[in-house]
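Read the figures in this text as sums done on the coordinates, not as results from a lab. All of these numbers come straight from a predicted model, not from anything done at the bench. Quick reminder, even Gly has a Cβ in these numbers, built from the backbone with ideal geometry, and neighbours come from all protein chains shown.
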Amino acid sequence: MAEQDQGLTGLRVGLVGYGDAGRGIHARLLREVGHVVTDTVTRHPARIAAAREDWAGVRVHPDLDGLLGRARELDVVVVASPSGNHLEHTRAVLGAGLPVVVDKPLAVDALQARELVVTAERAGVPLTVFQNRRWDDEQRTLRGLLERGELGRVHRFERRWERWRPVPKDRWKENAVGEGGGLLLDLGSHLVDSAVQLFGPVRTVHAEIRNLTTPADDDVFLALVHAGGVISHLSASGLCGAPGPRTRVLGDQGAYLVTSFEGEPTPFEGLAAPAGHEGWLVQGTSLTAVPRPPGGHADFYRQVGRWVAAGAPAPVDPGDAVHVAEVLDAARRSVVSGCRERPGA
C-alpha cells in the first residue's frame, strides 16, 4: 500500500456511498494522504464505473452487508451515505467491530447521535465524525488570531454560507424532508461546529428556518449565545443573490474579515486577500492581510491514519457532534416556539 507522509502505511478503507460526498470529497482526500479504497457500496451504474476507474481492483458491493462480509480485510469504514441512513449504517459498522468515520451530521437528531456514541463506547470501537470544515483556511487562520489575542475580547462571530441557486439541484439533500435533507443539517452542522470549536458550548439558540425553493429547508439563520458570552450569527441560504461577507469576527481590539469562499460569486471581489493570505485584520479603515497557516482538509485523514494505526486521539471527538445535534434540535424547537431554546433541554 501507499506510504503516507507521516510514515504510516495507508489504510484499507471501506467507503459506503460513492456519490457527491463519497467520491467527490472522501475518496479524493483518502487518495491524497495514501489511504486506499478497497471496497465501496453503491448500486448506481455510473458510480460503479467511477469507483472501478478510480481504484484498481476495488470491490463494489450492492449493500452494506456485502462490505462488512470483508471486515477482516478492512482497517476503517467511512459512512458517506445520505444523512437519514447514518444511524442504521453506523450501527452495523460498529457491530462489526470496525473503526468508523461518519460524514456529518453524525445523525439526524441528538437522540440518534447519543445512541451511536454510547454504542461505540460500550463496544470499545473507535468512532469519529467528518467535520472537515475545522481544517478550512479561514478557520485555521482565525484560530491562530484568537490564540494570539490579536482581536482582543471577541463579542460577535458571523459566518455565512450563502449561494445564488435560483434553480436548485434535484437531489436528496434538497428533497428529503424529515430524512436528513435541508440546509440546517447539511451546512448548519458545519456552521455550528465551527462556532463551538472557536467559542465553546452553546447556551441558547434562536432560529429562523424556511424552505423557499426546495421541499427541504433552504434558508436558515441561527443566533447562538455561547456559555462564554460570545454571540454567533450563522446563516445558510440557497437563494441569496448578494452573498454577504463569509466571516466577520468582532473584538475590542479589531475585527477579522473574510469576504469570499471557495470561488462562489461575491460582490466583494475588491477585498480579496493577496496570495498566501486569508482575510484581513481590520481596525476602522486599516486593513492588514493575515498570513494563511499551512494545512488543509487532508489533515483530517492524516489524523485518521494515526488514530487507527497508532491509537492517537480521534480527529473529531464524537461528543462534539452530539452537542451540535442538540443545538440543531433546539433550532427546530425555536422555530415552533418563537423563543430562545436551550440545547439538550
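Annotations for the structure displayed:
- Arg28 paired with Glu115, simple spin-label distance in nm, labels 7 Å along Cα-to-beta-carbon: 3.3
- Note that segment 100-164 carries a Kirkwood radius of 14.9 Å, evaluated over its alpha carbons pair by pair.
- For Glu208 and Thr288, the difference between the fully extended length at 0.36 nm per residue and the C-alpha to C-alpha distance is 25.4 nm.
- With the helix formula -39500 (n - 2.57) applied to DSSP H stretches of n ≥ 4, the chain reaches a computed 222 nm mean residue ellipticity of -9500 deg cm²/dmol.
- With an a/c value of 1.5 or above and a/b not larger than b/c for the gyration tensor axes a ≥ b ≥ c computed over the alpha-carbon atoms, segment 40-93 is described as oblate.
- Shape category assigned to segment 198-292 from the gyration tensor of Cα positions, a/c cut at 1.5: oblate
- In terms of overall dimensions, the C-alpha atoms belonging to the chain reach 60, 46, 41 Å along their principal axes, ordered largest to smallest.
- Annotation: the residues Ser260, Ser337, Ser194, sorted from fewest to most other C-beta atoms within 10 Å of their own C-beta, follow the order Ser337, Ser260, Ser194.
- Mean-position separation - Cα centroids, segment 151-219 and segment 254-316, in angstrom: 19
- Remark on segment 1-119: hydrodynamic radius 14.4 angstrom, per the Kirkwood mean of 1/r across alpha carbon pairs.
- Computed on the Cα trace of segment 283-345, the radius of gyration divided by the Kirkwood hydrodynamic radius gives Rg/Rh = 1.23.
- Global geometry of segment 235-345, whether rounded, prolate or oblate, following the gyration tensor of its Cα atoms and the 1.5 cut on a/c: oblate
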